[in-house]
Amino acid sequence: MKDVNPLLSMEHVEISYQNQGKWKTIVHDVSFQLFPGEMVALTGPSGCGKSLTAHAMVGLLEKGFRVTHGQIIYKNENIIEYDERRLQQLRRDEIALFIQHSLNGLNPIQTVKRQMVETLKHKKKWDKNNIETSLYSLLNQVGFSNPEHILSLYPFELSGGMRQRILLAMMLSLQPQIFIADEPTTALDVINREKVLALLKQLQQELKLTILLISHDDKSVKKYADRVVEMDQGGIVL
Ligand SMILES: Nc1ncnc2c1ncn2[C@@H]1O[C@H](COP(=O)(O)OP(=O)(O)O)[C@@H](O)[C@H]1O
Ligand SMILES: [Mg+2]
């Protein structure tokens, strides 16, 4: 890995929150790198700032929060300096964030097909003539052997694990360089948890995706990650 440049580099990132005029630092000093094609697990106890870190990486911090120190370097640029338009581009074309509790990420009154097509349209170069083929292939990639049937269903007709895989397929359709999965399995039972993690591992290997897998449960992710970065209250444990 040493001869390769990192795809993304977090450099002494500090994240603070402003409340009634006062700044409070929540994430103190986070540094780590993501190299092309690797799966890194970011672990640490609940509340230590993992989700804030993930949101900062795609410019999606909530109102009141700001990166108050450090840099987030992606493709030789500091994304902290990006304006909203460039951040939107970054999220659409480069870094996908798959968030905690995103089981509700599907629209209950639209079929899977309709929603997947909507997502495909976000991509600039989507191929109108081969929609069906693209959708079948995406659904195959996330482990569905009967894509035609799945596409005709509504979210309530799918189990939690299936919905999670549909959301994954939608993310994949955007062909991100980096995939950040923030607690992707918390809402799932044990069997589906393992399935989703194994699937992420498989996608990493087959598509050479770079994945940041965030979890408070270090045991479950250590098995899949190439490397583990451990956070403590607001910093990195070395
Ligand atoms: N919207 C918010 N308002 C105030 N504090 C928040 C907000 N979101 C997160 N925090 C605080 O920031 C800290 C880190 O949160 P978070 O990044 O979600 O932790 P983790 O993902 O590691 O469980 C927590 O202690 C939490 O209380
Ligand atoms: Mg979190």
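Each value in this text was obtained by applying a stated rule to the coordinates, not by laboratory testing. Keep in mind it's a predicted model, so treat the numbers as computed, not measured. Virtual Cβ from ideal backbone geometry, glycine too; neighbours counted across all protein chains shown.
Take the stretch 46-117, drop everything but the C-alpha atoms, weight them equally and run the Debye formula without solvent; then report log10 I(q)/I(0) at 0.11, 0.13, 0.26 Å⁻¹ to two decimals.
Debye output, listed in q order: -0.37, -0.50, -1.27.
Students often get this wrong, so check it: of LYS63/LYS113; LYS22/LYS201; LYS75/LYS121; LYS63/LYS123, which have C-alpha atoms separated by over 32 Å?
Listed pairs above 32 Å: LYS63/LYS113; LYS22/LYS201.
With a cut-off of 8 Å between alpha carbons and a minimum separation of six or more residues, what is the relative contact order of the chain in percent?
Here the relative contact order equals 31 percent.
If you count the DSSP beta bridges with both ends in the chain, what percent of them are antiparallel, to the nearest 5?
55 percent
Would you work out which of LEU167, VAL30, SER51 lies farthest towards the positive end of the dipole of the chain, given +1 charges on the beta-carbon of Lys and Arg and -1 on that of Asp and Glu, about the Cα centre?
Comparing the listed Cα positions along the dipole, LEU167 ranks first.
About the Cα centre of the stretch 124-220, what is the dipole size in debye to 20, counting +1 per Lys and Arg Cβ and -1 per Asp and Glu Cβ, all else neutral?
In debye, rounded to 20, the stretch 124-220 gives about 280.
How much of the DSSP bridge set in the stretch 105-238 is antiparallel, in percent, rounded to the nearest 5?
About 40 percent, rounded to the nearest 5.
Given the C-alpha centroids of the stretch 39-85 and the stretch 127-166, what is the distance between them in whole angstrom?
Taking the Cα centre of the stretch 127-166 as reference, the centre of the stretch 39-85 is 31 Å away.
How much length is gained on full extension from ASP189 to GLN110, taking 0.36 nm per residue of separation minus their Cα-Cα distance? Provide the component values of the computation, followed by the final result.
Numbers: separation 79, 0.36 × 79 = 28.44 nm, distance 2.53 nm.
Here the answer is 25.9 nm.
What is the dipole size for the chain, taken about its Cα centre, with +1 at each Lys and Arg Cβ and -1 at each Asp and Glu Cβ, in debye to the nearest 20?
480 debye
At 222 nm, what helix-only mean residue ellipticity would the chain give, in deg cm²/dmol to the nearest 500, using -39500 (n - 2.57) for each DSSP H run of four or more?
Value at 222 nm, helices only, nearest 500: -10000 deg cm²/dmol.
Note the full-extension length gain between ASN140 and GLN18 as 0.36 nm times their separation in residues minus their Cα-Cα distance, in nm to one decimal.
Full extension of this stretch gives 39.4 nm more.
Using the Kirkwood formula over every pair of different C-alpha atoms, what hydrodynamic radius in Å results for the stretch 165-238?
13.1 Å
Where Rh is the Kirkwood radius over the Cα pairs of the stretch 41-191, the temperature 37 °C and the viscosity 0.692 mPa s, what D in µm²/s does Stokes-Einstein return? Spell out each step's value before the answer.
Details: Rh = 16.9 Å.
Once the numbers are plugged in, D ends up at 194 µm²/s.
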